[in-house]
Amino acid sequence: MTVLDETPGAATSTPVPAHRRRKPLGTRAYKVFRVAALVLVVLFLLAPLAWMLLASLKTNVDIYDTGKALLFSPTMENYANVLQRNNYFVFIFNSFWVAFVSTALSIVLGVPAAYAMSRFTMHRSALVVLMARVIPGVSLLVPWYYVFSNLRMVGKFEVLILSHMFVALPLIVYIMMSYFDSLPLELEESAQVDGLTPIGAFRRITLPLSVAGMATAGILSFIFSWNNFMFALVLSGAKTKTLPVAIFDFVSYASIDWGGLMAAATVVTIPIMIIALFTQKYIVSGLTAGATKG
Amino acid sequence: MSVMTPPRSAARPGRASGPREKFSDWANAHRKWLFAAPAMLFVGILIVFPLAWTLYLSLTDSQGSVRAATEFIGFQNYIDVLTDTERFWPAVGRTLAFTGVALAFEVVLGMGIALLLWRPFRGEKWVRVAILLPLVATPVAVGMMWRLIFDPNIGFANQLLGMVGIPAQPWLSGQDTALGTTIFMDIWQWTPMVVLILLAGLTSLSDEPDEAARVDGANAFQRFFYITLPLMMPTVIVAILLRGIDALKTFDILYATKGKGGGSFHEVETLNVYAYGLSFDYNQYGVSSAVLILFFMIIIGTMWLLTMRKKAVTK
């Protein structure tokens, strides 16, 4: 009881300053453990990627020589092969184009929808859009394939973009809803007092304030589309093949050209990782959007 | 504020009411549905129609070409699938095992790493970059990367085991080790996702309960298990929910590492891989649709259970 009696007193007599919570806690032993654990975590996460990068710079002979794991004479031959002989520039463009257009269209459709769903608390409507995140993609692919092959459209960009929008749109609605939820209503209301129509207030006040949210949603949607494999596997054609499908084709030959495969894998992941490094803050806020609302 | 908002007509006295203004008034009055409808129609048409179609196909013997004539056979596909102990039930087992084991590791590791990152430290930036990279990497490329690392002869994994004197493992090419290896890949790629969600949860926690417990003399473990963890439960369940849906539907790394049918012995054939194979490698649309409907019910059921759990925890 005495301990309990002392607690509130202690807490009130020495109010915890704000910077206190920024101080690391714990003993020396914990600090050592923490550093060691963090180093292990970083190694675990980065070593495989480093291995892929190293292998992409080796000749196949060196890859088979386990003695040359780290010490070898690097070569760009694999990249030259992949980019020139296998036409990867075309696939890079395809991936970029599909991701870019599907993201742009999804923002145009998704942002106003998210706004309405947030401001009018249309939870049931939101659920319909979010269902798209739950349904297994294969169950959509069969009917889509049927319809689009009858329309002779399989293998066209339009179909691929449409299918990617199906992933992008729910993502954008989800992220923007939680973003609009966090924007204060007062700004829009005072704009309306000053004579703007509700739609005018949305256009001139809310939208400019939502650029950060839209960047978050757009970047994530671009990444998801870039990485998408299953839809492109079924719906892309020779001219619209995207990078993930192109890599997959790499291994259907009799023996695996490991150096080339790793160069191809690196070519796919590097652009997305560079984007991620520069937009880290947005990606983190997008991936965790709505997760802590309770 | 809203009380102060005057009616719009009052705000703009003497405004001409031409057709443009009429449209503007109409648009403003109906903005709720004007904004929401295009996106909802888009998603609705692309979902409702395929789902209805899948439901219909599951009751037919559709196979071969999508244009071929089909016959209505009632629930025969469901009976066939539900009594299929060779492919369907093992696939259900693998799906649940893959999801359950991967999630268990991801949540425990994720919580551990999130706690390590919770308080600021020097070099934090670099750790955060390391966490981000697996998360954004293209899953097919990641699958190829692991294929090389887990190659029984030249892979880094067996070199590493050799250094500590453990005999080489077959990894992806072993009938018993393939599923575990793919689970490992999933853990590598998606633990960071759980870390980010849990870290967001930890950062939003108030420090007071923790401080109070510390003043009362609770040690770090007691504070975690009696204060932090219970407060974090809603966030943990959100993480499980978000990750679980995706884990159940895992396709890319399985197809990229083991190919059609989840390998020659179907070692990694989960429901999604099975359904994809039935549809696009073997063109068995009727059976495939029945599998998909059952799979969908499993996903919805899991989500419903977790949402119930979350409500119980939040109360």
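Can you tell me the mean projection area, over all orientations, of the convex hull of the range B:72-165's alpha carbons? Units nm², please.
Details: hull surface 45.4 nm².
Mean projected area of the Cα convex hull: 11.3 nm².
Mind computing the radius of gyration and Dmax over the alpha-carbon atoms of the protein assembly as shown? Å is fine for both.
Cα-based Rg and Dmax for the protein assembly as shown come out at 26.7, 90 Å.
Hey, what did chain A get for relative contact order, percent, Cα under 8 Å, at least 6 apart?
Relative contact order, chain A: 27 percent.
Starting with the fewest neighbours, write out A:Phe96, A:Phe202, B:Phe88 ranked by other beta-carbon atoms found within 10 Å of each beta-carbon.
Values: A:Phe96 16, A:Phe202 23, B:Phe88 20.
By the 10 Å Cβ count, ascending, the order reads A:Phe96, B:Phe88, A:Phe202.
Over all pairs of distinct alpha carbons, what does the Kirkwood formula give as the hydrodynamic radius of the range B:19-74, in Å?
The answer is 14.6 Å.
Short version: ³J(HN,Hα) in whole Hz for each residue of the range A:168-183, in order, from phi by Karplus 6.51 cos²θ - 1.76 cosθ + 1.60 (θ = phi - 60°), x for Gly and Pro, what are they?
These are the phi-based 3J(HN,Hα) values: 5, 4, x, 4, 5, 4, 4, 5, 5, 4, 5, 6, 5, 4, 8, 7 Hz.
Can you put B:Leu51, A:Leu187 in order of Cβ neighbours within 10 angstrom, beginning with the fewest?
The most exposed by this proxy come first: A:Leu187, B:Leu51.
In debye to the nearest 20, how big a dipole does the range A:111-261 give about its Cα centre with +1 on each Lys and Arg Cβ and -1 on each Asp and Glu Cβ?
For the range A:111-261, the charge dipole is close to 460 debye.
Give me the percent relative contact order of chain B, please, defined on Cα pairs under 8 angstrom at least 6 residues apart.
On the way: 301 pairs, mean separation 82.7, N = 315.
Here the relative contact order equals 26 percent.
Enumerate the whole-percent occupancy of each 5 Å bin, from 0 to the last occupied one, for all C-alpha pair distances of the range B:166-260.
Final binned percentages: 3, 11, 16, 15, 12, 11, 10, 9, 7, 4, 2, 0.
Can you grab the distance from the C-alpha centre of the range B:163-192 to the C-alpha centre of the range A:197-265, Å, no decimals?
If you average the Cα positions of each part, the centres end up 28 Å apart.
Which of B:Gly301, B:Val313, A:Ile107 sits farthest toward the positive end of the charge dipole of the protein assembly as shown, with +1 on the Cβ of Lys and Arg and -1 on the Cβ of Asp and Glu?
The Cα lying farthest towards the positive end belongs to A:Ile107.
Out of residues 5 or more away from B:Thr60 or on other chains, whose amide H comes under 5 Å of its own, with H placed 1.01 Å from N in the peptide plane?
Residues meeting the amide H criterion: B:Ile73.
Could you calculate, for the range B:78-314, the ratio of the Cα radius of gyration to the Kirkwood radius, expressed as Rg to Rh?
1.03
What ranking of A:Val108, A:Val138, A:Val42 emerges when the number of other C-beta atoms within 10 Å of each C-beta is taken as an exposure proxy, fewest first?
Taking fewest neighbouring Cβ atoms as first place, the list is A:Val108, A:Val42, A:Val138.
Rounded to two decimals, what is the ratio between the C-alpha radius of gyration of the range A:86-287 and 2.2 N^0.38 Å?
Computed over Cα atoms of the range A:86-287, the ratio equals 1.18.
With helices defined as uninterrupted DSSP H runs, which ones in chain B have an alpha carbon span along their own long axis of at least 20 Å and mean Kyte-Doolittle hydropathy of at least 1.0? Write down the numbers at each step before the final one.
Details: long enough: B:31-57 (38 Å, 1.55); B:88-118 (43 Å, 1.58); B:178-204 (39 Å, 1.34); B:229-248 (27 Å, 1.80); B:285-314 (42 Å, 1.39).
Helices meeting the criterion: B:31-57, B:88-118, B:178-204, B:229-248, B:285-314.
Please work out the Cα center distance from the range A:168-196 to the range B:23-39, rounded to the nearest Å.
15 Å
Please compute, for the alpha-carbon atoms of the range B:259-315, the extent along each of the three principal axes and give them in descending order in Å.
Principal extents (Cα only, largest first): 48, 24, 12 Å.
Each reported figure results from applying straightforward, stated rules to the coordinates on display, with no laboratory input. The shown structure was predicted, so the numbers you read here are calculated from the model rather than taken from an experiment. Cβ coordinates were reconstructed from backbone atoms using ideal geometry, including for glycine residues, and neighbour counts include every protein chain displayed.
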